[in-house]
Each structure stands twice: as C-alpha cells, then as structure tokens.
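Some notes on the structure that comes next.
The values are calculated or read from the model by the stated rules, or taken from the named source; none is laboratory data. None of the values given here were measured: they were computed from a predicted structure. Neighbour counts run over all protein chains shown; Cβ positions are idealised from the backbone, glycine included.
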C-alpha cells in the first residue's frame, strides 16, 4: 500500500504533468489559518493567478475526508476559506495520517504539501515563509529549559526532493539556528538577487545567505542539479516586494517586542506562532499583514518562473 491510494490529482494538473507543463504546488494553511475571510480567498486566488501568469499551472493542496487533493477547484477554495473556525485541522508530516483519517477539511502545511506534491510528480512549491528552529528550542530562553521546538518543515526539506520558494524562515524564529540545521541536513539555501537572506517582513535579515543566485534562471540551474542528484530539497529565498516591505529595524523591533510580551503573558506551544503574528500586526498597524500577503503572491510568481525554467532544462 502507498500514498497514491489516498491521492486525488485534479484533471487539469494530471494533464499538465503528463504533458510536461510546469506545475507549482501551493499550501492551504495560508487559507485556513493564515488570514481571515475574505482576504484568505483573495490571496489564494491571487497566488494561483500569479503562477498562471508566469506560464505554470497552480495546484493548491489540501485534505478532505480521506483524500489528499492536489489541485482545488474554485468551490473547494471557497469551502476551505469559509469553513467554521476550528473545523479545519492543520496537517504536517506527524499529523498527516490523522488528517487523512478524519472527516472534513484539513489544510496542509509545508511538510504535508511537499509530501503530496512530490507523490503527484510536482517539483516546485511556493509558500510564504518556512518554519524552523524556534527561539529557545536548543538553549532555553528566559530561564526556561530547551523546548526542542523545531518545525518538521526542515526535515521534509532534507528528505523530499523539491524546490521550495519562500521569503525565508519566519522572522519570529531563531534564523541563524535554522540555517545551521538546514546545513547539517544537507539542504542548500539559495537567495535570488542579493547576498543577504530575506527577513520575511523585511527585504534583508542582516544574515548572509549560504548561496546566492543572480537570476531565477541561475537558481533553477542549481535546483535542477540538486533534484537530479537525489540529494533532497532546496530552499529558494526571494525578498518581499520593496513597495510592501517593512524597514529592517521596524520588523526586528516589532518581532522582539511581540516575543517579549509573549513571554510575559506565558504564551507557548502551538498557540505561540499565531499569537505572535497577530501581535506583530497590531504593533505595525497592519503593515506586517500587507507585507505577508505581498510576499505570498510574489513567491508564487517566482515559483512559476522557476518551474518554467526547470522545465526548459
């Protein structure tokens, strides 16, 4: 028995893959857990449109009542976007089986999306920002013992051969430790067009990127070789569009303030990330949300261009 038993690939996606047309996978937690309705649906549709404008076909991935869906139609996007709060499960590799086994919708995170997309034969995936090593995961924080809170995204990048396009690790993470973890697991991290790793909300994190590609075509060449060698995935990083980017110091100060307030309030565990993102939005008067939505669509556009370049090789 294999994953294909549970996989349902949309007809348009299946035909594109058979014809060698480039396809880009998109995750669904951005719809179910990332933004409120109708912004979530608008961003999902804008991301799919950006992929199509780049010459590739989008395939949003989700789970519904025992089936891993690769490619959602408009009705499914609407259903996922408007599902009652708390009714949509978040599915990552550790919870994928439970998500498939239940009735109703489940949204796929980076790791679950990569698993389903790879099984369908897709080589490129676009997301907003990857998870990583949380602050305090390795050495403790604010007098607390280490939490060992490390996203399954990083292990999935190490094991699943796919080019993942994002705006860097989420800014609330321990970014240097995340880069070290990826290096240890053999995952190349390539930033397009600049020597610094993107800072998610800001164009730069102030941290040197392990690898730099001057163009999308150059990044596609690196990604293509990585995938052909069977060495696992590659992380391709793209800075948020300049018009919506937060200044580096503004983004950094907002993140640090939100983290300090979370410690004071005793927020931890699964509740921490959504709490921090909401608080950062408040601190920046919504500028972080505008940056987040812009980078999501931009990542989809670049992923489409990368997929087209890969298909030409």
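Return the residues of segment 17-33 that are crowded, with 21+ Cβ neighbours inside 10 Å and more than 10 Å from residue 300 (Cα to Cα); say none if nothing qualifies.
Within segment 17-33, 22, 23, 27, 28, 29, 30, 31, 32 qualify.
Given 36, 84, 94, which one is surrounded by fewer than 24 Cβ atoms within 10 Å (Cβ to Cβ), closer than 30 Å to residue 280 by Cβ and more than 20 Å from the chain's Cα centre (by Cα)? If you could, list the steps in order and put the result at the bottom.
Numbers: 36 fails: more than 20 Å from the chain's Cα centre (by Cα); 94 fails: more than 20 Å from the chain's Cα centre (by Cα).
From the options 36, 84, 94, the qualifying one is 84.
Would you call residue 274 within 22 Å of residue 110 (Cβ to Cβ), part of a loop (DSSP other than H, G, I, E, B) and either touching a helix residue (DSSP H, G or I) at 6+ places or on another chain (Cβ under 7 Å) or at pLDDT below 95 (or both)?
Taking the combined requirement at face value, the residue does not satisfy it.
Does residue 261 satisfy the criteria of being touching a helix residue (DSSP H, G or I) at 6+ places or on another chain (Cβ under 9 Å), surrounded by fewer than 20 Cβ atoms within 10 Å (Cβ to Cβ) and under 23 Å from residue 147 (Cβ atoms)? Outline the logic, then answer.
Details: touching a helix residue (DSSP H, G or I) at 6+ places or on another chain (Cβ under 9 Å): yes; surrounded by fewer than 20 Cβ atoms within 10 Å (Cβ to Cβ): yes; under 23 Å from residue 147 (Cβ atoms): yes.
Taking the combined requirement at face value, the residue satisfies it.
Tally time: how many residues in segment 100-119 are surrounded by fewer than 24 Cβ atoms within 10 Å (Cβ to Cβ) and outside any loop (DSSP other than H, G, I, E, B)?
Of the residues in that region, 6 qualify.
Does segment 98-115 include one or more residues that are in contact (Cβ under 8 Å) with a residue 60 or more places away in the chain, within 22 Å of residue 208 (Cβ to Cβ) and within 18 Å of the chain's Cα centre (by Cα)?
Checking segment 98-115: not a single residue is in contact (Cβ under 8 Å) with a residue 60 or more places away in the chain, within 22 Å of residue 208 (Cβ to Cβ) and within 18 Å of the chain's Cα centre (by Cα).
For segment 12-41, which residues satisfy the criterion of being over 17 Å from residue 114 (Cα atoms), touching a strand residue (DSSP E or B) at 6+ places or on another chain (Cβ under 8 Å) and part of a helix (DSSP H, G or I)? Write out each step before concluding.
The first filter runs over segment 12-41 and keeps only residues over 17 Å from residue 114 (Cα atoms), leaving 12, 15-16, 18-21, 32-41.
Of the ones still in play, those that are also touching a strand residue (DSSP E or B) at 6+ places or on another chain (Cβ under 8 Å) are 12, 16, 21, 32-33.
Passing the criteria: 12, 16, 32, 33.
Looking only at segment 277-286, filter to residues that are assigned to a helix (DSSP H, G or I) and touching a helix residue (DSSP H, G or I) at 6+ places or on another chain (Cβ under 8 Å); which one of those is farthest from residue 260 (Cα to Cα)? So that I can check it myself, show each step before the final result.
Kept after step one, since they are assigned to a helix (DSSP H, G or I), are these residues of segment 277-286: 277-283.
After this cut, where a residue has to be touching a helix residue (DSSP H, G or I) at 6+ places or on another chain (Cβ under 8 Å) as well, the list is 277, 279-281, 283.
Numbers: 277: 13, 279: 11, 280: 12, 281: 15, 283: 13 Å.
Result: 281.
Kindly indicate whether residue 254 is under 20 Å from residue 305 (Cβ atoms), touching a helix residue (DSSP H, G or I) at 6+ places or on another chain (Cβ under 8 Å) and either touching a residue at least 24 places away in the same chain (Cβ under 8 Å) or surrounded by 16 or more Cβ atoms within 10 Å (Cβ to Cβ) (or both).
No; evaluated as a whole, the condition is false for this residue.
With the requirement that a residue be assigned to a strand (DSSP E or B), in contact (Cβ under 8 Å) with a residue 60 or more places away in the chain and surrounded by fewer than 23 Cβ atoms within 10 Å (Cβ to Cβ), what does segment 128-184 give you?
Selection gives 141 alone.
Identify, please: which residue in segment 1-11 is outside any helix (DSSP H, G or I) and out of contact with any helix residue (DSSP H, G or I) (no Cβ under 9 Å at 6 or more places or on another chain) and is, among those, farthest from residue 291 (Cα to Cα)?
Residues of segment 1-11 outside any helix (DSSP H, G or I): 1-2, 7-10.
Those still in the list that are out of contact with any helix residue (DSSP H, G or I) (no Cβ under 9 Å at 6 or more places or on another chain) too: 1, 8, 10.
Numbers: 1: 43, 8: 33, 10: 31 Å.
Among them, the one singled out is 1.
Applying the selection to segment 260-292, what residues are touching a strand residue (DSSP E or B) at 6+ places or on another chain (Cβ under 9 Å) and under 26 Å from residue 95 (Cβ atoms)?
268, 270
If you scan segment 185-202, which residues turn out to be crowded, with 23+ Cβ neighbours inside 10 Å and part of a loop (DSSP other than H, G, I, E, B)?
If the condition is that a residue be crowded, with 23+ Cβ neighbours inside 10 Å and part of a loop (DSSP other than H, G, I, E, B), then 187, 197, 198, 200, 201 are the ones that fit.
Return a yes/no flag: does segment 53-68 have any residue that is modelled with pLDDT of 95 or more, over 19 Å from residue 3 (Cβ atoms), loosely packed, with under 14 Cβ neighbours inside 10 Å and in contact with a helix residue (DSSP H, G or I) (Cβ under 9 Å, 6 or more places away or on another chain).
yes
Just to be sure I understand the filter: pairs with C-beta atoms under 8 Å, separated by 6 or more residues or on different chains, first member in segment 229-244 and touching a residue at least 12 places away in the same chain (Cβ under 8 Å) and at positive phi, second member surrounded by fewer than 18 Cβ atoms within 10 Å (Cβ to Cβ) and assigned to a loop (DSSP other than H, G, I, E, B). Which pairs pass?
Correct list of pairs: 232/185; 232/186.
Has segment 68-78 got at least one residue that is farther than 24 Å from residue 299 by Cβ and in a helix (DSSP H, G or I)?
Yes, the conditions are met somewhere in segment 68-78.
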